[in-house]
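The structure appears below as C-alpha cells.
The values are calculated or read from the model by the stated rules, or taken from the named source; none is laboratory data. Bear in mind the structure is a predicted one, so any value in this text is a computation, not a measurement. Positions of Cβ are backbone-derived with ideal geometry, glycine not excepted, and every protein chain shown enters the neighbour counts. Surface accessibility is based on the protein's heavy atoms, side chains included, excluding ligands, DNA and RNA. Shrake-Rupley method; radii C 1.70, N 1.55, O 1.52, S 1.80 Å.
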Amino acid sequence: MMNKNYKHTRKERPPRDEGLTVTVRDGNLEKAMRIFKKKVQKAGILKDAKEKRFFEKPSEKKQRKKKEAVRRWRKLQKKLELLD
C-alpha cells in the first residue's frame, strides 16, 4: 500500500543552452563571422563533430584522452619551468 503523503517528483532538468549568438553591428558581417568562429572554436563544437564523424573504439578513446592529458601536463610543466 502506498503512502498517501508520497509525492512523485521529477528530476530538475538543467537549463537548455540558448546556443551561440553573435550580433551583427553596422552590417559588418565579416567581423560577426570572425567572432562566431572564435566562439565555436572555444566551445569545442567542431572538435566534437569531427570526433563523432566515425565510431571510435573505447581503447582508442582512452589512448587519445591519455595523450591529451600528457600534452596538457607537459604544457603546464613548461609554463612552471619558465616562471622559476
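Being more than 14 Å from the chain's Cα centre (by Cα) and assigned to a loop (DSSP other than H, G, I, E, B) is the filter here; which residues of region 21-51 pass it?
Hits for region 21-51 are Thr21, Val22, Thr23, Val24, Arg25, Asp26, Gly27, Asn28.
Could you list, ordered by first residue, the pairs with Cβ atoms under 7 Å in which the first is in region 18-33 and touching a residue at least 40 places away in the same chain (Cβ under 8 Å) and the second is in a loop (DSSP other than H, G, I, E, B) and open to solvent by less than 100 Å² (accessible area, probe 1.4 Å), at least 6 apart or interchain?
Taking only residues 6 or more apart or on different chains, not a single pair turns up.
Name the residues in region 52-84 that are assigned to a helix (DSSP H, G or I), open to solvent by 100 Å² or more (accessible area, probe 1.4 Å) and charged (D, E, K, R), would you?
Correct list: Lys62, Lys65, Lys66, Lys67, Arg71, Arg72, Arg74, Lys75, Lys78, Lys79, Glu81.
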